[in-house]
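Remarks on the structure that follows.
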Amino acid sequence: MGNIIVSMLNADVHVEMKSVRRKQLLHKSAQTEIKQYILSNGLTPGDPLPPESALAELLGISRTVVREAVKGLEALGLVEARAGAGLFVNGFTLDRLIDHSIFGIRFYAKQLADVLEVRHHIESGMSEKAVNARTPEQIARMQEILVQMHSLAEQGKYDHSLDEQFHRALYINVDNSFVLKILEIFWTIYQEANAGGGLPAPRFPQVTYRRHEDIFLALKAGDVHAMHAAMDRHRVGVQERLHLMDEART
């Protein structure tokens, strides 16, 4: 008798799980259909969407499914529900990606290493653009930052905010807003890692300073090859810090 009851309970759980999965698939499918509707009709940020009832009729699904799909699209920042006004197409933003990335990084050191690796490849890949877009004002600003970094390094100190300022200044003239936003994500994650005590300061600040100075000198000279080489040396320093973080956690 007991085995029969257990089997019945297991069957109920299996049916319930299938129902949940079916609902999730419906929501995902509805989200895809709504996104396709936006693209097919050439809608842009700020344009209104049909109300949920009309969307349900257009897509041939229930209003409940549409409502859940819209909530998911809102969470992604793709649509906006305005009280008393209805649904509207939202402008593309990476802010939610930043929020989710930061949350994950708090728990997984491997993800931080992956993020920093991607940052290296993007920065290195944009070196030629950075060289071609350099300006005297940019060079002067980076030199000011390096003076401060050098002063601290002489005292055996490191300031991650100066490191951040240096890299922001390095790509400030690159005409690619998406790349700049991606780099913004990396720096936000980096700040969180520092704030949480996860990523240790460089063991040898003077070496860190020289690696940044090499990048600066290559940029100033307009030498893309030297800049790539300097970026590779800079990456070694980042990997050393990640190694120290792993040691501290084991």
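Since every read-out is calculated from the coordinates, none of them should be taken as a lab result. The shown structure was predicted, so the numbers you read here are calculated from the model rather than taken from an experiment. So basically every Cβ, Gly included, is an ideal-geometry build from the backbone, and we count neighbours across all protein chains shown.
Please give the net charge around F166, taking every other residue with its beta carbon less than 11 angstrom from that of F166, where Lys and Arg add +1 and Asp and Glu add -1. Local charge sum for F166: -2. Here the Karplus curve 6.51 cos²θ - 1.76 cosθ + 1.60, taken at θ = phi - 60°, turns the phi angles of segment 79-90 into couplings of 10, 10, 9, 9, 4, x, 10, x, 9, 9, 5, 9 Hz, with x standing for Gly and Pro.
Rounded to the nearest whole Hz, the Karplus-based 3J(HN,Hα) values (6.51 cos²θ - 1.76 cosθ + 1.60, θ = phi - 60°) of segment 175-182 follow the sequence 8, 8, 5, 5, 4, 4, 5, 4, with x at glycine and proline.
Which shape class, rounded, prolate or oblate, goes with segment 117-175 when its Cα gyration tensor gives a ≥ b ≥ c as root eigenvalues, a/c under 1.5 marks rounded, and past that a/b bigger than b/c marks prolate? Judged from the Cα gyration tensor, segment 117-175 comes out oblate (a/c at least 1.5, b/c at or above a/b).
Grouping the Cα pair distances of segment 111-250 into 5 Å bins from zero gives a pair-distance distribution of 2, 10, 20, 24, 23, 14, 6, 2, 0, 0 percent in increasing distance order. Couplings 3J(HN,Hα) of segment 33-41, computed from phi: 5, 5, 4, 5, 4, 4, 5, 5, 9 Hz, in residue order, whole Hz [Karplus 6.51 cos²θ - 1.76 cosθ + 1.60, θ = phi - 60°; x for Gly and Pro]. Ranked by how many other Cβ atoms sit within 10 Å of their own Cβ, fewest first, the residues D175, D163 fall in the order D175, D163.
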